[in-house]
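Below is one structure, written out as structure tokens, with a few remarks after it.
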């Protein structure tokens with residue numbers, strides 16, 4: 001049987017090479033992403049299902065401020081993916097201080113995203129939106145799907161910021177290496193990618 | 001690019017009692033903990049089924065002590081219809097999640113997958129330990145439903161909405177009991193996700209030198225494929241449970257339609273869909289059936305060649321069929337919903353892959369039969385249960401053809417025909433896989449042999465018993481006996497009561513027979529004759545190490561593999577008819 005040509009021999013000394021040439025931690029992160037994608041697919045399917053089933057669906061968002069706010073959030077999250085890539089590249093070039101700074105920038109952008117999102121939430125709650133109430137008079141599932149799906153995403157962003165912080169601290173003390181940063185980056189890019197589904201489906205489809 | 005190694009940490013040999021036996025990161029201890037949990041769960045689930053069966057046969061006869069245990073649900077020892085449904089819900093939930101998923105997949109998989117691939121431990125031992133403790137937490141939360149408010153939920157193991165979603169108004173147990181159910185299953189999903197990650201990473205990354213994917217033992221192939229199925233299936237059940245909890249405690253209406261009046265109260269919900277719950281649940285639920293049965297496939301495929309002294313027929317076909325089943329298992333969930341008011345065109349769409357998935361399953365069955373065909377079979381408890389597995393799987397599978405057709409399913413789905421089908425194909429077959437695995441691996445796990453005499457009594461009485469229980473249920477179903485009903489005393493089903501009594505007697509008898517197994521387990525553990533390293537003359541790596549294996553599985557030296565797992569009936573070294581995987585080339 002031909003041996004895989006990928007540089008897999010470095011993965012585990014004394015082991016058969018992994019068919020994907022990735023270390024276990026990275027493989028596990030990919031598997032986590034597969035599972036998490038199924039989770040988001042399930043809630044977005046549920047959203048589509050109840051949206052189609054409810055003819056009295058109301059569209060809560062005005063272009064100003066909601067959509068503009070959402071676009072700014074999108075740009076911020078995309079930028080944070082870029083800074084994450086910069087951090088990984090710096091770590092792979094063994095430039096620890098630079099990498100930590102880029103991680104800091106990523107955390108700051110993530111926190112900014114969360115802050116803008118919470119501001120939006122608070123404004124909507126102020127208007128009377130609840131998980132079970134629609135102030136515009138249509139089906140209450142508008143609020144239910146909005147808060148639960150964006151809440152699930154927000155939970156991912158906030159835990160991502162915390163994890164990046166933990167990784168950055170450990171990396172500065174040389175307890176972690178570039179591999180840890182790369183694996184964390186995978187997660188962060190995935191959270192970014194999910195937003196690319198959530199934003200159009202939850203926001204853009206619901207413009208008044 | 002620098003890749004770090006994620007070697008399992010070498011465990012210190014000297015550890016405190018707690019670290020070694022309770023909070024252990026050793027995959028073998030964790031595997032045994034899973035099996036112990038499953039044993040507690042299966043006894044609980046079986047006692048619940050006894051109570052149900054007794055009530056079905058003798059609806060008015062009080063059960064001793066039951067009146068004291070459940071003063072509201074069974075005052076004076078005669079259970080109410082609601083209490084029957086509570087028992088049914090808990091029986092199904094405990095059996096599916098904490099027995100059929102926990103024992104063959106998490107239990108045996110944890111113990112033997114790392115040894116099969118020649119690793120010292122799982123890829124992530126701490127996550128592995130966590131997944132067991134999270135599973136235990138889920139079990140405790142579920143059992144707590146017996147002791148809160150008005151008892152456990154009554155919406156079945158499928159927790160159909162809106163019954164499961166509306167809360168207290170829907171009946172006893174639909175208050176805090178149902179909430180605990182949803183929390184428990186949500187927690188269980190997290191445990192399974194962690195476990196599946198570990199299984200996949202270990203299989204792909206921790207294989208010892210020479211253990212190519214083609215040389216993986218078949219049980220490990222099955223656990224690996226099962227982990228891939230479980231990874232996506234439980235990831236969908238988790239958000240479904242969260243949405244259900246939101247419906248129950250936060251006032252949302254995902255699964256509750258508007259205008260619903262329950263217990264004379266208009267429910268404050270609108271816009272949701274009960275069918276949405278069924279879609280999400282069965283998208284998990286059907287793959288879950290394969291999570292329960294595929295480890296059995298692997299265990300049987302590993303055991304039959306050992307006792308037939310012949311290689312497994314078509315090993316590559318077997319693996320291809322496993323993968324095909326895994327893929328198809330995601331496309332058939334709608335066949336649970338033919339009766340739910342789905343569009344009839346959808347029913348056709350789901351019927352076709354349901355019939356297609358029988359093809360790889362049938363091929364695998366033929367491979368087993370072809371393997372034992374013409375063999376000088378060594379009849380042991382393990383091989384008898386393996387053959388019994390094939391028998392009950394075929395019996396349960398054949399009724400599946402009738403249920404895969406929407407036209408016949410619409411008549412049969414609400415009847416005992418379905419009860420017979422899934423108990424055979426999923427419940428009893430998976431249990432036989434667990435029994436076969438236990439008799440096969442007990443010597444390796446505990447260093448002592450089980451009693452073969454008791455094992456064979458256990459097999460024959462159980463085998464006859466389960467056919468006496470479940471075969472007549474097909475007839476009940478065809479006669480129109482609806483399922484999920486507590487008693488049939490006053491209607492057209494009266495003439496079927498004697499048959500129900502026969503089934504009840506068979507169930508009590510078969511349950512009592514399991515005491516032989518329990519006795520055998522305990523006695524062999526303490527007094528069984530010492531087991532050799534390779535008592536069955538098998539090839540896979542667990543038989544190359546001592547019984548029980550040392551802490552790091554191979555005594556500090558990982559084996560090198562030069563042969564596949566299927567080298568039976570060959571001219572091996574020292575006049576043997578087999579070559580072990582770790583044999584020198």
Q. Taking Cα centroids, how far is segment B:360-422 from segment B:270-292 in Å?
A. 25 Å
Q: Residues in segment A:54-68, backbone N under 19 Å from the label point at residue A:121 (7 Å along the Cα-to-beta-carbon vector): list them, ranges by number please.
A: A:60-61, A:66-67
Q. For chain B, what's the relative contact order in percent, using C-alpha pairs closer than 8 Å and at least 6 residues apart?
A. 15 percent
Q | Overall form of the protein assembly as shown per C-alpha gyration tensor (a/c, 1.5; a/b vs b/c) | A | oblate
(Q) I need the shape label for segment A:1-147. Rule: rounded when a/c is under 1.5, else prolate if a/b > b/c, else oblate, with a, b, c from the alpha carbon gyration tensor. (A) oblate
**Q.** Separation of alpha-carbon centers, segment A:69-89 and segment A:139-208, rounded to whole Å
**A.** 11 Å
Q | Most fluctuating residue given options A:48, A:179, A:126, as computed from a GNM of chain A linking Cα atoms under 10 Å | A | A:126
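If contacts are Cα pairs under 8 angstrom and at least 6 residues apart, what is the relative contact order of chain A in percent?
Contact order relative to length: 28 percent.
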Q. Over segment B:269-379, what is the relative contact order in whole percent, taking alpha-carbon pairs under 8 Å and six or more residues apart?
A. 39 percent
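Could you calculate the FRET efficiency of residue B:525 with residue A:172 from 1/(1 + (r/R0)^6), where r is the beta carbon distance between them and R0 is 41 Å, rounded to 0.05?
Once the sixth-power term is evaluated, E becomes 0.20.
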Q) How much mean residue ellipticity at 222 nm does the protein assembly as shown get from its helices, if each DSSP H run of length 4 or more adds -39500 (n - 2.57) and you divide by all residues, to the nearest 500 deg cm²/dmol? A) -21000 deg cm²/dmol
Q. Taking the Cα atoms only, what angle lies between the long axis of helix A:24-53 and the longest principal axis of chain A, rounded to 10 degrees?
A. 10 degrees
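Hey, with R₀ at 56 Å, roughly what FRET efficiency would residue B:317 and residue A:68 work out to, going by the Cβ-Cβ distance, to 0.05?
The calculated FRET efficiency here is 0.45.
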Q | For segment B:316-343 versus segment B:497-547, the gap between their alpha-carbon centres in whole angstrom | A | 32 Å
**Q.** Rough spin-label spacing in nm, given labels placed 7 Å along Cα→Cβ, for residue B:133 and residue A:158
**A.** 2.4 nm
Q. Taking R0 as 60 Å, what's the FRET efficiency between residue B:479 and residue B:20 from their Cβ-Cβ distance, rounded to 0.05?
A. 0.60
Q | Estimated distance in nm for a label pair at residue A:205 and residue B:40, the labels positioned 7 Å out from Cα along Cα-to-Cβ | A | 4.5 nm
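Computed from the coordinates by the stated procedures, all read-outs in this text should not be read as laboratory data. This structure is a prediction, so every number in the text was calculated from the model and none was measured. Cβ sites come from the backbone with ideal geometry, for glycine too, and all protein chains shown count toward neighbours.
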